Amino acid sequence: MKTNIPLEMQKKFLTEDGFEPWPIPDDWLPTIEWLDETLEALAPGYRIVQIKEKFGRLRFYYQLPDETPIAVARAFRALIFQTEEAIRHEGTAEGNVLLY
C-alpha cells in the first residue's frame with residue numbers, strides 16, 4: 001500500500017532506508033501538514049516516529065531533540081494531544097484546531 005504522506009514529512013521519520021509509512025485518511029492530510037509545520041516551528045529538528053490511524057483516531061508519535069526545553073516539550077505534546085482528539089476518520093478536524 002503506497003503512502004500518501006508528503007515527501008518532506010517522510011524525511012522526518014526515524015526509520016531505516018526503504019521504509020515507507022502507512023497511508024492515512026486523505027481528509028486528515030491538511031491537518032497533519034499544518035501540525036507538522038507548527039511542530040517544526042516549536043522544536044526545529046523534531047523527528048516523526050510514526051503517524052497512524054488507530055481505532056479511527058489519529059496517533060502521532062515523535063522524538064524531540066535532546067536540548068528541547070521542558071516548556072516547549074509540554075506545548076508540543078499539548079498540541080499533538082489536541083489534534084489527536086479533534087481529528088477522526090469520520091471527517092476532518094471537528095472545528096478549528098487551536099494552539100492550546
Legend entry - Packing-based ranking, highest mean first, of 39-45, 79-85 given that Cβ atoms within 10 Å are counted: 79-85, 39-45
Legend entry - Within the stretch 56-80: backbone nitrogen closer than 14 Å to the ALA41 label point (7 Å, Cα to C-beta): 76, 79
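Readers should treat all values here as calculations from the given coordinates under stated rules, not as data from a laboratory. This structure is a prediction, so every number in the text was calculated from the model and none was measured. Every residue, glycine as well, gets a Cβ built from its backbone with ideal geometry; the counts of neighbours run over all protein chains shown.
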